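Participant: Here's a structure for you.
Throughout, read-outs are computed from the coordinates displayed, never taken from laboratory work. Keep in mind the model is a prediction, meaning the values are calculated, not measured. Here Cβ is always computed from backbone atoms with ideal geometry, including for glycine, and neighbour counts include all displayed protein chains.
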Amino acid sequence: MGWRRAACCALAAPLLLAGCASDKVAGLHRRTAAAQLPPTALACAFSLGGIDDQRDAQSLGQMGRTHIDGAGFDGWFRSGIASIPGYTRDAGAPAIRVTVLKAYVHGLVTLKSANLVVRVQFPPEGSGATTTTKTYRGFDDSMNWSTSESEIQEAFNTALDSLTAQIGTDLKKRCKG
């Protein structure tokens with residue numbers, strides 16, 4: 001009798017977890033956390049010259065039966081870039097231009113990976129200098145517990161934090177203080 005109960009529990013567990021999964025994630029929501037630089041770092045002022053979205057599709061992917069809609073991506077991404085220390089709307093500040101190349105999440109049975117790939121164009125650093133372009137990848141590789149909306153949102157937030165920390169570090173290196 002004990003082995004039957006164990007077998008039933010083993011078979012029921014995946015069905016219970018699948019019941020928690022969403023059929024559709026409606027999009028990403030604005031974030032409130034700011035990108036963090038080390039406490040000794042001074043922020044280097046910069047403005048946003050523009051964001052160009054060159055993704056192939058507006059969808060952010062599919063995990064099992066859950067479709068992740070790209071609704072709200074633009075505002076969510078823009079607020080993430082604006083959270084980098086030093087961001088200002090001052091037109092006199094050096095402007096960076098960000099091109100979104102990829103934004104997606106994919107998963108295996110128990111793992112998920114959220115990815116953001118962008119190209120950032122930095123302004124020239126001095127007279128006679130040319131613009132510098134660098135590609136960044138922010139990501140989150142973590143356990144996929146239930147494919148819930150909050151879990152997917154958190155994965156994208158972590159990927160964005162990773163991305164903005166890299167960009168913020170390079171902005172600080174460029175700053176002449």
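Participant: Show me, for the range 126-131, the HN-Hα J-couplings you get by feeding each phi into the Karplus relation (A = 6.51, B = -1.76, C = 1.60, θ = phi - 60°), rounded to Hz, glycine and proline as x.
Facilitator: Going residue by residue, I get x, 5, x, 7, 10, 5 Hz, with x marking Gly and Pro.
Participant: Project the alpha carbons of the range 98-158 onto their principal axes and report the range along each, largest first, in whole Å.
Facilitator: 54, 18, 14
Participant: Can you pull the Kirkwood radius for the range 58-177, inverse mean 1/r over Cα pairs, to one decimal in Å?
Facilitator: Taking every pair of different Cα atoms in the range 58-177, averaging 1/r and inverting gives 15.6 Å.
Participant: Would you mind calculating the gained length between residue 59 and residue 150 on full extension (0.36 nm times residue separation, minus the Cα-Cα distance), in nm to one decimal?
Facilitator: Separation in residues times 0.36 nm, less the Cα-Cα distance, equals 31.0 nm.
Participant: While we're here: Grab the beta carbon distance between residue 71 and residue 133, set R0 = 35 Å, and tell me the FRET efficiency rounded to 0.05.
Facilitator: For residue 71 and residue 133, the calculated efficiency is 0.75.
Participant: Considering every Cα-Cα pair within the range 124-177, what fraction, in whole percent, is farther apart than 15 Å?
Facilitator: Considering the range 124-177, 61 percent of its Cα-Cα pairs are separated by more than 15 Å.
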